[in-house]
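I have placed the structure first, in the form of structure tokens, so that the comments after it can refer back to it.
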Amino acid sequence: MSNLKEQYLNDMKSYLGTGTHNKLMLAILERVDENNEIVLLKPLKEEISKETGLNVTTINSRIPLLIASGLIIRKSTLESKEAVYVLNPDIFGNKNWNEIKKISINIEYDLSKNKRNKDIKIEYKG
């Protein structure tokens with residue numbers, strides 16, 4: 001399953017038109033709870049650092065980039081020290097990754113209108 005997660009993140013680069021910082025995003029995907037939330041405090045960042053080879057300073061600088069790209073959403077306020085984030089449900093669904101049956105990504109280029117249309121459809125098990 002991890003290889004599919006990694007491939008999905010690679011596909012998101014094209015879908016979002018930006019880099020996704022795969023190592024950090026994969027580490028986040030592996031650690032979100034059943035509500036697709038994660039609390040990124042220093043001990044967890046240090047654990048992710050050891051696993052990914054990214055230093056904590058790099059992790060701290062990439063979190064705002066993940067937010068800006070739309071992959072994660074900050075739930076806690078900037079003033080709070082909670083650092084609670086949730087996966088973007090439009091990209092990762094609103095259920096746990098293990099409950100997803102199929103994800104379809106469609107990117108369509110309308111040359112006559114010089115427009116790019118994109119869509120994600122998520123189908124759940126059961």
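The numbers here are math on the coordinates, done by the rules we state, and not lab data. Just so it is clear, the structure is predicted and the values come from calculations on it, not from any experiment. A quick note on method: Cβ atoms are made from the backbone with ideal geometry, for glycine too, and the neighbour counts reach across all protein chains shown.
Inter-label distance, LEU111 to GLU34: 5.1 nm, where each label sits 7 Å from its Cα along the C-beta direction.
Projecting the Cα atoms of HIS21, SER69, SER112 onto the dipole axis of the chain, where Lys and Arg carry +1 and Asp and Glu carry -1 at the beta carbon, places SER112 farthest toward the positive end.
Placing pseudo-labels 7 Å out from each Cα toward the beta carbon at ASN10 and LEU65 gives an inter-label distance of 1.9 nm. Taking label positions 7 Å along the Cα-Cβ direction at both LYS101 and LYS125, the computed distance is 1.1 nm, reported to one decimal. In the chain, if the dipole is taken from +1 on Lys/Arg beta carbons and -1 on Asp/Glu beta carbons about the Cα centre, which of ILE48, ALA83, ILE122 is farthest to the positive end? It is ILE122, whose Cα lies furthest towards the positive end. Find me the longest stretch of the chain that has none of the exposed trypsin sites (Lys or Arg not before Pro), where exposed means in a DSSP loop (not H, G, I, E or B) with at most 12 other Cβ atoms within 10 Å. Counting only loop sites that pass the neighbour cut-off, the longest clear stretch is 1-80.
Please work out whether the chain counts as rounded, prolate or oblate from its C-alpha gyration tensor, where a ≥ b ≥ c are the square roots of the eigenvalues and a/c under 1.5 means rounded, while otherwise a/b larger than b/c means prolate and anything else oblate?
Numbers: a/c = 1.83, a/b = 1.52, b/c = 1.20.
Taking the square roots of the gyration eigenvalues as a ≥ b ≥ c, the chain is prolate.
Relative to the longest principal Cα axis of the chain, at what angle does helix 2-16 sit, 0 to 90 degrees, rounded to 10? Computed tilt is about 60 degrees.
The charge dipole of the chain, taken about the Cα centre with unit charges on the Cβ atoms of Lys, Arg (+1) and Asp, Glu (-1), comes to about 280 debye, rounded to the nearest 20.
For LYS121, the lysines whose Cα falls under 16 Å of its own Cα, not counting residues fewer than eight places away in the same chain, are LYS5, LYS95, LYS101, LYS102.
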